[in-house]
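Have a look at the structure below before the remarks.
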Amino acid sequence: MNNGLPRPVTAVILVAAGSGERLGYGMPKAAVPLGGEPILMHALRGVVASGVSSQVCIVLPADAASLHASLEEFRQELADGGPILTLVDGGATRADSVRAGLAGLIDGVEAVLVHDAARALAPEYVFHRVVDALAAGAVAVIPAVPVVDTVKTVTRTSGDDSAIAPELVTGTARREELRSVQTPQGFRLSTLQQAHQAAARFDEAQAAAVTDDAMLVELLGVPVHAVHGSTQSLKITTPLDLIIAEGLLEGPLGIRWVEG
Ligand code: C5P
């Protein structure tokens, strides 16, 4: 629900340049079919349907010929309406891809949402919650859901994965304080730019530890706010996730925009 405050001019960076190795389709994850269309197109339709953005900057994998064709078709579907679509090439890491997206933004953008194409079914209302929190003055906003599993920390006791018990438990996190974090993650543009400029100087080990944008903003000491995400925003990573996503599209929930 819009809180009535004027929304910032917003762009969405849709990162889709991952290899998708864990899905095992032998093609970039964004091109893998879901309900007959590439995963990327579901994500893009969701972004556009939310109506929050003036520009969608799509960050593509190198071998993306089939995606270019789908995107061209979609561009024609949009005709004169909808946001500006910009296509840029991705980088070796997700953060590199986000930086490529930042470089492709048009003038006048005040806020940016970074969204994983892999979260292709993220509902519109999550986009609205994030943008409304930015409109209310937050500098950084992420969607999050409670954790259902008990989460433990471990240390490896054996380098051999086939050992009977290669890990030892070192602690148990307090579940009520834990959240699983999703995308779209929203930021004031200048803040995300600053965070990514700092991250561009990370060494290899530091860069490998970066798994979302909010953690880079946390390092600046900027408060990061959380809004309710949705279980429907699952990140399609493994073949099981793809089955669940197919089920969400075709099953009793039927349409993609389901409250939950
Ligand atoms: O690899 P992971 O599942 O964390 O990727 C999350 C999102 O980031 C995916 O949508 C993927 O396409 C994107 N990504 C990217 N460039 C990379 C790695 C991942 O755009 N080099």
Going through segment 166-185 one residue at a time, which ones are within 16 Å of the ligand (Cβ to nearest atom) and part of a strand (DSSP E or B)? 180, 181, 185
Residue satisfying all of: in segment 82-106; in contact with a helix residue (DSSP H, G or I) (Cβ under 9 Å, 6 or more places away or on another chain), outside any strand (DSSP E or B) and of a type outside the set (A, V, I, L, M); farthest from the ligand (Cβ to nearest atom) among these: 82
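Which is more than 10 Å from the ligand (Cβ to nearest atom), closer than 13 Å to residue 12 by Cα, of a type in the set (Asp, Glu) and open to solvent by 60 Å² or more (accessible area, probe 1.4 Å), of 110, 77? Give the steps one after another, and end with the answer.
Details: 77 fails: closer than 13 Å to residue 12 by Cα.
Going through 110, 77 in turn, the sole match is 110.
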Under 8 Å between Cβ atoms, which residue pairs at least 6 apart in sequence (or on different chains) link something in segment 1-30 that is farther than 28 Å from residue 54 by Cα with a partner that is open to solvent by 20 Å² or more (accessible area, probe 1.4 Å) and in a loop (DSSP other than H, G, I, E, B)? 20/27; 22/237; 22/238; 23/237; 23/238; 27/63
Pairs please, first residue from segment 196-213 and in a loop (DSSP other than H, G, I, E, B), second anywhere and open to solvent by less than 80 Å² (accessible area, probe 1.4 Å), Cβ atoms under 6 Å, 6+ apart in sequence or on different chains. 210/95; 213/114; 213/185
Among the listed residues 226, 214, identify the single one that is within 16 Å of the ligand (Cβ to nearest atom), open to solvent by less than 80 Å² (accessible area, probe 1.4 Å) and under 20 Å from the mean Cα position of the chain (by Cα). 214
Among residues belonging to segment 128-138 that are in contact with a strand residue (DSSP E or B) (Cβ under 9 Å, 6 or more places away or on another chain) and open to solvent by less than 50 Å² (accessible area, probe 1.4 Å), point out the one that is nearest to residue 223 (Cα to Cα). 138
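Let's see how each residue does on (1) more than 15 Å from the ligand (Cβ to nearest atom); (2) over 24 Å from residue 30 (Cβ atoms):
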{"position": "145", "(1), (2)": "yes, no"}
{"position": "154", "(1), (2)": "yes, yes"}
{"position": "210", "(1), (2)": "no, no"}
{"position": "221", "(1), (2)": "yes, yes"}
{"position": "242", "(1), (2)": "no, no"}
Please verify whether segment 43-59 includes one or more residues that are open to solvent by less than 10 Å² (accessible area, probe 1.4 Å), in a helix (DSSP H, G or I), under 20 Å from residue 244 (Cβ atoms) and within 11 Å of the ligand (Cβ to nearest atom). yes
Among the residues of segment 22-42 satisfying the criterion of being near the ligand (Cβ under 9 Å from one of its atoms) and over 15 Å from the mean Cα position of the chain (by Cα), which is surrounded by the fewest Cβ atoms within 10 Å (Cβ to Cβ)? 22
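The values are calculated or read from the model by the stated rules, or taken from the named source; none is laboratory data. The structure presented is a predicted model; accordingly, all values stated were derived computationally and were not measured. Cβ sites come from the backbone with ideal geometry, for glycine too, and all protein chains shown count toward neighbours. The accessibility values were calculated without ligands, DNA or RNA, using every heavy atom of the protein model including side chains. Shrake-Rupley method; radii C 1.70, N 1.55, O 1.52, S 1.80 Å.
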